[in-house]
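What follows is a short report on a single structure.
The values are calculated or read from the model by the stated rules, or taken from the named source; none is laboratory data. Keep in mind the model is a prediction, meaning the values are calculated, not measured. Here the Cβ is made from the backbone with ideal geometry for all residues, glycine too, and neighbour counts use every protein chain on show. Accessible surface areas use protein heavy atoms only, side chains included; no ligands, DNA or RNA. Shrake-Rupley method; radii C 1.70, N 1.55, O 1.52, S 1.80 Å.
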Amino acid sequence: MKASFSVLASLVLAISVLTGAPPSQAFAVNGVEQGHGVAVRVPSTNNPIKDVTSNDIICNTNFIQPVSTAVASVPAGGVVAAEFHHTPAGYVGPDPSDPLDPTDKGPVTAYLASVPDATQSEVTGLKWFKIFEEGLNPQTHQWGSDLLFINGGYVNITIPSCVKAGQYLLRVESISLADATSYPGAEFFMSCAQIKVTGGGNASPETVSFPGAYTSLESLPTYTKTRLILFLPTKPYNQFLAHNMSTFVSHIVADLSQKTLPANAAPTPNPHSDIQSASSQAKEILRSLYVKLDQSNSPEALTGCIDALQTLEHQQQLLSVETADEEEQTLRRAILGRLALGLYAQALTTYLDEASEAETELEWWSELGRSRRQAAYYLLQTLPLRVANLTKILLGTLKSRNIPFRLSVLQPSSLRRLFPSSNTLRPNALTLALFPHLHHQPYAIALTSARAPHKFALSASPAQTVTSAYDAFHHTLFSVMRACSTVATLPIDLARGECRFKRQELERIRNERAEVLGILAQMRDRLTSALEDGNNDTAVAALAGLTTYLQCIIDGEEVEPSEATGPVSVRRVVESLSILANCTLPSHTSLHRAELKSGQLRRPSRLTLIWPQLVFLPPLALYAIRTAYASRASLEELAKEAVETVKSFWEGWVLEPLRGIIRTVRAGHDGGMIVTKESVRADIDSLERMTLALAQEKLHYGELELAALSRQVQMGDLTAVMQIYEEDIKSPLRSALQGTLLRSLFIQVQKAKVDIDQALSGIDKLLKSQELTFAFVGVAPALTIVYAFFSYLRNIWSGGRGRGRYGGKARRGSVWLTVRRIERLLIAQPESHHHRTHSAASTSRSSTAVSPLTSGLLLLSVTHLRQYAESNLPANSRLREGFLEDVSDLEDPKLGRQDKLRVVDRMWRSWGEVLGWNRVEA
């Protein structure tokens with residue numbers, strides 16, 4: 001089993017590393033597909049043909065056996081759609097190199113050759129005439145191979161209506177020019193279809209022979225790289241940048257643009273009037289170009305300036321460098337510096353945007369794969385696409401084998417015969433159609449537990465035997481349930497595996513773009529030196545070397561930065577800038593988009609994500625409406641009660657207590673008191689009269705003594721009455737008969753009443769002093785409920801839109817994660833696993849140096865911080881200015897690792913409490 005698996009893995013690896021374009025394997029006539037391999041001589045491999053003198057250049061070689069004997073009927077003027085795929089088996093699921101490697105640029109052509117029998121095996125000596133060619137489009141900068149890739153491997157070929165009726169071989173060819181700088185370099189991929197043309201005319205076009213159409217010394221001279229470089233038109237590419245230049249790049253441009261100002265140089269008089277006039281005109285053109293570049297640094301302005309410079313150089317061929325005075329040379333050097341700076345800024349923006357896009361999609365897939373629930377919902381969202389892909393594979397296989405579609409085909413036994421698998425642990429074509437990522441990450445299913453099976457042992461003791469049997473049964477049942485659970489959740493696990501695979505691919509793309517971004521950022525000092533060079537010749541030479549180095553970096557070639565050893569013509573620099581602006585950067589952007597599209601690395605479309613809501617919400621909403629209508633009476637009563645409850649709460653618990661507070665503040669009335677002042681005064685006066693009357697009759701007090709006793713009574717002192725009471729107690733009967741005992745008791749009762757009145761009066765005073773406090777305490781719960789309710793509504797309205805203080809909690813949390821990521825990057829620099837490592841990326845790790853990959857990832861995170869500060873922090877505030885100062889320090893390439901770590905530590909200390917980073921929840 002291991003041997004078979006290794007052979008299969010080797011075969012898959014061998015297929016995946018081929019970078020060439022595959023030959024055509026199927027075609028359709030006027031939209032009707034003929035089936036895979038039907039009427040087509042399909043090569044068994046997609047190896048290229050490089051020897052243009054070999055007979056293999058005619059229709060390829062090593063065809064899949066048996067070769068189809070069918071002949072497709074095509075009416076003259078009809079359209080034949082040739083189909084290309086990466087493997088001879090046809091489309092087997094998403095593949096970054098299907099239908100061809102997008103880096104292999106070249107034309108697509110088609111030839112016809114009249115034959116007596118389209119199924120004949122002999123193809124030498126035929127006369128071929130060209131009916132189709134898709135080369136380089138000067139407006140879109142796209143080759144025929146690009147259109148082939150964009151159209152999913154299909155190319156439409158119109159059979160001319162003037163072609164004579166009869167049987168033909170249709171030779172469809174894709175040519176790769178990736179290595180076409182020398183022979184053998186160009187790679188040819190072709191195959192022949194067997195057709196019969198009906199109708200038509202009697203044209204006799206010029207013909208060529210294969211071999212013979214291409215010579216071994218100069219194969220395809222029209223499409224060589226040299227010719228591509230010299231004659232590629234320069235057109236603006238607005239679609240090259242998706243949005244405006246980032247703030248970080250704009251700071252670099254604003255800083256370095258000041259260094260491109262032309263120095264003051266005196267014009268040199270020339271004795272030749274015609275040369276002097278031409279030089280004056282050239283200076284005027286150069287000045288106007290510099291003014292345009294100073295006003296706008298857009299791609300249109302750059303390409304327009306390059307066009308104008310190329311035209312000027314062509315017109316000034318008679319003027320050598322020696323005849324151009326110092327002023328003209330200085331203007332040329334300044335314009336070249338501004339152009340180099342603009343293209344450098346575009347390259348920075350391009351890689352920063354691509355890395356940001358990859359990271360955004362990476363985070364989306366990471367969030368999706370964190371939970372089974374989200375993965376299951378994603379599986380439901382993409383189910384129609386998976387079923388459509390599965391149906392396409394099934395119908396294509398049936399058509400290629402000439403099997404009519406019946407329901408019996410859907411039986412498991414029929415599907416196993418149609419899509420056999422040599423290894424049960426390897427996915428077949430149907431599984432690949434449902435989960436394309438398995439083409440790169442095969443799966444293995446473990447249906448049993450990894451633990452050893454439980455042993456059942458007989459024992460002399462019946463109890464032990466029963467216990468052992470129960471344990472074995474329990475273990476077996478648990479293993480079966482676990483295996484069933486694994487199989488039941490397998491689709492969800494595969495969906496999570498797809499998320500992980502796409503996350504890894506996006507992480508690889510992000511790191512590749514970030515590494516190049518770091519290398520570009522480290523080029524800033526070199527660009528500064530070139531712009532500050534006062535010597536025109538050495539400055540132009542430095543700009544030429546810098547442009548070449550930038551071209552090599554974007555192309556992914558290993559090159560050491562070197563200085564020019566001799567003088568460099570302005571024309572050469574302009575040509576290098578033209579290639580960079582019109583070929584390299586647009587081609588890189590197209591390849592990046594094609595890579596994301598071919599691997600399906602972007603999140604699904606909006607319609608794909610929301611179709612479950614569009615399908616299920618309308619019937620659910622209709623059911624809810626019908627239920628609500630049926631219960632409208634109870635719902636109406638419930639609504640009335642709710643309105644009444646809210647109204648009562650508002651009036652009784654909010655408005656009325658507030659009115660009471662206002663009344664308390666405005667007027668301090670005595671309403672609501674327990675005992676009034678008059679009542680207390682009357683009780684004291686009654687006590688005084690009773691006491692004075694008893695003292696006068698019993699103790700015979702005079703005026704002075706009664707006045708003193710009156711003062712004592714007012715103070716609550718009843719000593720005289722208590723003395724009489726004490727004497728009466730000694731002879732209670734006699735005192736009761738005389739009435740003095742009863743009078744003493746009544747006076748004491750009155751005294752108790754006065755004491756109670758005075759206590760209640762004190763309580764009234766205390767309550768009166770705290771009346772406002774009690775009023776606020778009474779209304780506080782109601783105000784708390786109202787505040788909580790409106791805060792909840794505000795959070796629903798604004799919190800989900802990222803509003804709130806400093807952008808809201810979610811955005812502040814993302815900034816916290818970004819700062820943490822920056823600190824982690826600086827502490828543990830990630831290692832580059834890019835197979836095309838630039839020389840600048842091979843710097844040794846140290847305590848001060850920052851590797852290009854770390855620098856690029858750092859710039860990516862710092863850009864997020866700058867966008868947050870400029871969008872969410874208050875304008876013209878110390879907070880925003882200080883935060884942006886720290887961001888600028890992190891962007892500065894002159895600061896080493898330790899310096900940037902101190903900046904990060906300062907940000908934690910300065911902004912952690914203000915932005916609430918210490919309160920961020922996981």
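Worth a mention:
- In segment 551-562, residue modelled with the lowest pLDDT [restricted to those that are under 15 Å from Thr589 (Cα atoms) and part of a helix (DSSP H, G or I)]: Asp555
- Exactly one residue among Ala334, Ala347, Ala340, Ala358 is on the phi < 0 side of the Ramachandran plot and touching a Lys or Arg at 6+ places or on another chain (Cβ under 9 Å), and that residue is Ala358.
- Among the residues of segment 573-615, the ones that are hydrophobic (A, V, I, L, M, F, W, C), farther than 30 Å from Gln329 by Cβ and assigned to a helix (DSSP H, G or I) come to 9 in all.
- When Ala628, Ala682 are checked against the criterion of being within 30 Å of Lys753 (Cα to Cα) and at pLDDT 85 or above, a single residue qualifies: Ala682.
Rundown of residues vs (1) open to solvent by 50 Å² or more (accessible area, probe 1.4 Å); (2) at pLDDT below 75; (3) outside any helix (DSSP H, G or I), yes/no style:
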site: Gly20; (1), (2), (3): no, yes, yes
site: Gly37; (1), (2), (3): no, no, yes
site: Asn47; (1), (2), (3): yes, no, yes
site: Thr53; (1), (2), (3): yes, no, yes
site: Val80; (1), (2), (3): no, no, yes
site: Asp95; (1), (2), (3): no, yes, yes
site: Thr109; (1), (2), (3): no, no, yes
site: Ile131; (1), (2), (3): no, no, yes
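- Extreme residue, surrounded by the fewest Cβ atoms within 10 Å (Cβ to Cβ), among residues of segment 747-789 that are among the acidic types (Asp, Glu) and farther than 19 Å from Leu655 by Cβ: Asp755
- Selection from segment 484-495 of residues that are surrounded by 12 or more Cβ atoms within 10 Å (Cβ to Cβ) and modelled with pLDDT of 80 or more: Thr489, Leu490, Pro491, Ile492, Asp493, Leu494, Ala495
- Of all residues in segment 711-758, those that are over 14 Å from Leu699 (Cα atoms) and not in a helix (DSSP H, G or I) total 5.
- Filter result (basic (Lys, Arg) and either open to solvent by less than 80 Å² (accessible area, probe 1.4 Å) or modelled with pLDDT under 75 (or both)) within segment 433-483: Arg451, Lys455
- Output for segment 362-407, where each listed residue is assigned to a loop (DSSP other than H, G, I, E, B) and farther than 20 Å from Gly152 by Cβ: Gly369, Arg370, Ser371, Arg401, Asn402, Ile403, Pro404, Phe405, Arg406
- Selection within segment 573-606 - under 24 Å from Leu368 (Cβ atoms) and among the polar types (S, T, N, Q): Ser598, Gln600, Ser605
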